[in-house]
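To start, the structure under review is shown below, and the notes come after it.
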Amino acid sequence: MRVLLTCLISLSLAACGDTPTRYWETTANGAYSASLSPNGEFALVGSLEHGGSLWRLKDGERLFNWNHAAGEYSKLVATTFSTDSQFALTAESKRFVLWDVASGRAAGFWPAAGGVLAMALSDQGRYALIGQENYSALYVDTATGSILSTLSHSGDINTVAISANGLVGVTGSEDGIMKVWDLPAGKETFSYRLGDDVSAVAISGDASLVFASLYYGKGKIWEVKTGREVSSIGHNRTTITSARFSQDNRTLLTGFTARRVVLWNVSDGSTLQSWRAVAPLFWRPSGLVVNDVAFGPSPNQYLSVFSNGLVNQWQ
């Protein structure tokens, strides 16, 4: 396996930005998709040039090449990790593949109908929630590929999240509505109209809190059981593209367009920390979008992966 050396900040980097403690380049010319494991130990990148690959972040080693057929570089339009970081799911136009992170082996696959926009995976990779272009999301038993329920919106489903036990799901659509679902029953339990396209959703580890945000607008946090609004997150005319709750539910880590990563206080929506990532000079900085964020394995450690496959870590 090729080892990716941890890069040093040098003259090849843009002068503006908050210097990360470490950063890694996982691909040279961008990615179709990129995800971080919830435990902050791995990155999964669907490269424009070399298909899928799993990276271990503590030493920057590329562990496995994950493509859907031998001899090809798959165009992975969506990637995600299970909530316990033990499995990963990749999607291209023809099929989904479930992967075992420890062994790198495929653990299951089923055909795709196309139009996949977002995915989420529960503990042990048991259940998947898949957002599609056809105004529906699929709740899938990954062991069999069976569709257990179909969840509807009146627009494309841009973003999804699933609880660790696979029983609660969140969907966000271009119809401007965030919905919380009882997945086994296929029933909507709570919804909120944000007003325009929903850009990102997240659910806390204990499924007690959900978050949803708006393209070019603020996001909100709610209690799942009561529907009570807890706080407002973000600013007008900015777009949150990814979000993750901390394990203790006290903070929310978010990624934005234009390289920004912000840590928020869940209870009152105040900003705790903010970073703006460095970028190589040959890459248009304003074009970098934060595809995913994660809390690192060490205290006060934060990670982000960008649309060019660049991973940043801050301490």
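The values are calculated or read from the model by the stated rules, or taken from the named source; none is laboratory data. What you see is a predicted model; the values in this text were computed from it and never measured. FYI the Cβ positions are ideal-geometry reconstructions off the backbone, even for glycines, and counts take in every protein chain you see.
For the stretch 104-114, does any single residue satisfy the condition of being farther than 22 Å from ASP141 by Cβ and modelled with pLDDT of 95 or more?
As a first pass, look at the stretch 104-114 and keep what is farther than 22 Å from ASP141 by Cβ: 104.
Next, from what is left, pick out any that are modelled with pLDDT of 95 or more: 104.
The answer is yes, given that some residue of the stretch 104-114 is farther than 22 Å from ASP141 by Cβ and modelled with pLDDT of 95 or more.
How many residues, within the stretch 238-252, are farther than 17 Å from LEU288 by Cα and surrounded by fewer than 23 Cβ atoms within 10 Å (Cβ to Cβ)? Break it down stepwise before answering.
So the first thing to find is which residues in the stretch 238-252 are farther than 17 Å from LEU288 by Cα, and the list is 244-252.
Now narrow it down to the ones that are surrounded by fewer than 23 Cβ atoms within 10 Å (Cβ to Cβ): 246-251.
Of the residues in that region, 6 qualify.
Look at PHE211 and say whether it is under 29 Å from ALA258 (Cα atoms) and either of a type outside the set (D, E, K, R) or surrounded by fewer than 19 Cβ atoms within 10 Å (Cβ to Cβ) (or both). Steps first, please.
Details: under 29 Å from ALA258 (Cα atoms): yes; either of a type outside the set (D, E, K, R) or surrounded by fewer than 19 Cβ atoms within 10 Å (Cβ to Cβ) (or both): yes.
Here the answer is yes, as PHE211 does meet what is asked.
For the stretch 179-209, enumerate the residues that are of a type in the set (A, V, I, L, M, F, W, C) and closer than 21 Å to VAL290 by Cα.
At the first step, the residues of the stretch 179-209 found to be of a type in the set (A, V, I, L, M, F, W, C) are 180-181, 183, 185, 190, 194, 198, 200-203, 207, 209.
Selection gives VAL198, ALA200, VAL201, ALA202, ILE203.
The rows are residues; the columns are (1) closer than 15 Å to ASN308 by Cα; (2) touching a strand residue (DSSP E or B) at 6+ places or on another chain (Cβ under 6 Å).
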{"position": "THR19", "(1), (2)": "no, no"}
{"position": "ARG22", "(1), (2)": "no, yes"}
{"position": "ASN29", "(1), (2)": "yes, no"}
{"position": "LEU36", "(1), (2)": "yes, yes"}
{"position": "GLU41", "(1), (2)": "no, no"}
{"position": "GLY46", "(1), (2)": "yes, yes"}
{"position": "GLU61", "(1), (2)": "no, yes"}
{"position": "PHE64", "(1), (2)": "no, yes"}
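Please work out if ASN308 is outside any strand (DSSP E or B), within 18 Å of the chain's Cα centre (by Cα) and buried (at least 22 other Cβ atoms within 10 Å of the Cβ).
Working: outside any strand (DSSP E or B): yes; within 18 Å of the chain's Cα centre (by Cα): yes; buried (at least 22 other Cβ atoms within 10 Å of the Cβ): yes.
Taking the combined requirement at face value, the residue satisfies it.
With the requirement that a residue be acidic (Asp, Glu) and either touching a residue at least 40 places away in the same chain (Cβ under 8 Å) or farther than 21 Å from GLY40 by Cβ (or both), what does the stretch 92-107 give you?
Of everything in the stretch 92-107, just one residue is acidic (Asp, Glu) and either touching a residue at least 40 places away in the same chain (Cβ under 8 Å) or farther than 21 Å from GLY40 by Cβ (or both), namely GLU92.
Report, by residue number, each residue of the stretch 136-154 that is under 21 Å from the mean Cα position of the chain (by Cα) and under 21 Å from GLU92 (Cβ atoms).
Residues satisfying the conditions are SER136, ALA137, LEU138, TYR139, VAL140, ASP141, THR142.
What are the residue pairs meeting all of these: first residue in the stretch 113-128, first residue at positive phi, second residue among the aromatic types (Phe, Trp, Tyr) and at pLDDT 95 or above, Cβ atoms under 7 Å, and 6 or more apart or on different chains?
GLN124/PHE87; GLY125/PHE87
Here's a check for you: in the stretch 118-148, which residue that is among the polar types (S, T, N, Q) and more than 30 Å from ALA102 (Cα to Cα) is modelled with the lowest pLDDT? Full working, then the answer.
Just the residues of the stretch 118-148 that are among the polar types (S, T, N, Q), to begin with: 122, 124, 132, 134, 136, 142, 144, 146.
Right, trim to more than 30 Å from ALA102 (Cα to Cα) and you get 134, 136.
Working: ASN134: 92, SER136: 96.
Applying the filter and picking the extreme gives ASN134.
I'd like to check something: does the stretch 252-274 contain any residue that is part of a helix (DSSP H, G or I) and either among the polar types (S, T, N, Q) or at pLDDT 95 or above (or both)?
The first filter runs over the stretch 252-274 and keeps only residues part of a helix (DSSP H, G or I), leaving none.
Checked against the condition, which is being part of a helix (DSSP H, G or I) and either among the polar types (S, T, N, Q) or at pLDDT 95 or above (or both), the stretch 252-274 yields no hits at all.
Are there any pairs, at least 6 apart or on different chains, whose C-beta atoms fall under 6 Å, with the first in the stretch 264-275 and among the acidic types (Asp, Glu) and the second surrounded by 14 or more Cβ atoms within 10 Å (Cβ to Cβ), and if so, which?
The qualifying pairs are ASP268/SER231.
Looking only at strands (runs of 3 or more DSSP E) that lie completely in the stretch 28-134, which have at least 2 residues being surrounded by fewer than 20 Cβ atoms within 10 Å (Cβ to Cβ) and small (Gly, Ala, Ser)? Walk me through it before giving the result.
Details: elements: 31-36, 42-47, 51-56, 61-66, 78-81, 87-91, 95-100, 106-111, 116-121, 127-132.
So the answer is 106-111.
Right, LEU303: crowded, with 23+ Cβ neighbours inside 10 Å, under 18 Å from the mean Cα position of the chain (by Cα) and either assigned to a strand (DSSP E or B) or modelled with pLDDT of 95 or more (or both) or not? Spell out the reasoning first.
Details: crowded, with 23+ Cβ neighbours inside 10 Å: yes; under 18 Å from the mean Cα position of the chain (by Cα): yes; either assigned to a strand (DSSP E or B) or modelled with pLDDT of 95 or more (or both): yes.
Against the criterion (crowded, with 23+ Cβ neighbours inside 10 Å, under 18 Å from the mean Cα position of the chain (by Cα) and either assigned to a strand (DSSP E or B) or modelled with pLDDT of 95 or more (or both)), LEU303 qualifies.
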